[in-house]
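Enquirer: Here's a structure for you.
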Amino acid sequence: MTEGAAVIDMNDVDLSASDDKTTPFSHSDPPARDTGGFLGGSNSSSNTGDFQQTMSDTMTRFMWETGKTQATKAWSIYGNIDLLRPYFDVEPKNVIRRIVNSLVPKFSVSSSTKVVNELYGPTMLVLTLIALLLYEMKSSGHTVKEGTLIGTAFGTCFGYWIGCGTLVWLVAYLCNTHLSYLQIISMLGYSLTSHCLVVLVSTLVHTSHDHMFFYLIWTVLGGLSSLRMVSILFPRTHGPSQKLIISGVASFLHLMFLLYLHFAYHQVVEELDDLVQDSIAAHKDSLSSATFKSKISKV
C-alpha cells in the first residue's frame, strides 16, 4: 500500500514536473525570428530616402520663397516711379526761369543762391543738345565707322553730363564743397544752355575762313554759364585755393566740351562752305563775263 502510494506520488511528481516544464511554452508568445539584416536594411534605406525627399522639398520651397521675396523687393524698389517723382515734379515756368538764370551769374558772400535737386530741366537740355548735334552732323555729312549718329550723340552728351558731373563731385568732395551729387548734376545740366545756343547759332551762321564768330559766342555764352557755376561753387567752398581748384575744374571742363563739339562735328561744314563760296564766285564770274560780252556785242 505504501509502495503503491509511493508510486502514485512519484507519478504525480513527474506530471507536475512535466507541467512545470511545458507551461511557459504553452502560455507565452512564440519567440521572434531573427530575420537578419534583410528587413532591417530595407527599413533604414526607406527611412533615409524619405528624409532626403523631405529635405529636398524643404530646400526647394525655401529657395523659391526666398527668390520670390527678393524679386518682389527689387521690383518694388526699382519699379516704383514714386522714387523719381520728386526729381521730375517741376513746373514748366520754373524750368524756363532756371534756364534763363543759368546765364546770369550772381555773386554773393553767403551761399544764398539756391541749388535745386531736380533733373527734369537738365534732362531736357541734354536731349535738346543731342537733337542739335544730330542736325549738325547730318548737315555737315559727318559719318561714324562704328555705331550710328544718334548713338554717338547720346554717348557724347550723356557721357559728358554724367562723367564730368562725377569728376566735379569728386573734386568738390576733396575741396570740402557743400554740394550733393544731385545738385552738381543739376548745375551742370542747366549750364548746357550755353552749349545748345552756341551749337545752334554756329550751325546756322558760319564763317568760311575763320572761327572768330564762334569764338565770340563761345566767350560770351560759355563765359556767362561758367561764371554762373563759379558763383554757386565759391560761397560753398572753404579756403581760397580750394575755391580756385573747384571753379577752375568746372569751368575748364565746361568750355573744353563746347570746343570739342564745334571742332569734332563742324569741320566738314567748312568744306561745304568753301564749295558754296566757290560756286558763288564762279557764278559771279560767269555773270560778269556775260555782261562784258553783251557790252562788246553792242559796241
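Each reported figure results from applying straightforward, stated rules to the coordinates on display, with no laboratory input. All values derive from a computational prediction rather than experimental measurement. With ideal geometry, Cβ positions are generated from the backbone for all residues, glycine too; neighbour counts draw on all protein chains shown.
Enquirer: In nanometres, what is the gap between the two model label sites at Arg97 and Leu149, each 7 Å from Cα along Cα-to-Cβ?
Expert: 3.8 nm
Enquirer: So between His211 and Val90, what do we pick up on full extension, going 0.36 nm a residue minus the alpha carbon distance?
Expert: On the way: separation 121, 0.36 × 121 = 43.56 nm, distance 3.86 nm.
Taking His211 through Val90 to full extension adds about 39.7 nm, to one decimal.
Enquirer: What ³J(HN,Hα) values, in whole Hz, does the Karplus curve 6.51 cos²θ - 1.76 cosθ + 1.60 give for the range 158-165 when θ = phi - 60°, with x put for Gly and Pro?
Expert: For the range 158-165, the Karplus curve yields 5, x, 5, 4, 6, x, 5, x Hz.
Enquirer: Now, a different point. Given points 7 Å out from each Cα along the Cα-Cβ axis, report the Met59 to Leu182 separation in nanometres with one decimal.
Expert: With each label placed 7 Å out from Cα toward Cβ, I get 4.4 nm.
Enquirer: What is the spin-label model distance, in nm, from Thr72 to Leu244 if the labels are put 7 Å beyond Cα along the C-beta direction?
Expert: Computed distance between label sites Thr72 and Leu244 equals 6.0 nm.
Enquirer: Can you work out the Karplus-derived ³J(HN,Hα) for every residue in the range 232-243? Use 6.51 cos²θ - 1.76 cosθ + 1.60 with θ = phi - 60°, whole Hz, and x for glycine or proline.
Expert: Calculated HN-Hα couplings, in order: 7, 7, 4, x, 9, 10, 9, x, x, 5, 5, 4 Hz.
Enquirer: Pull up all non-local amide H partners of Val90: gap of 5 or more, or a different chain, and H-to-H distance under 5 Å with H placed in the peptide plane.
Expert: The answer is none.
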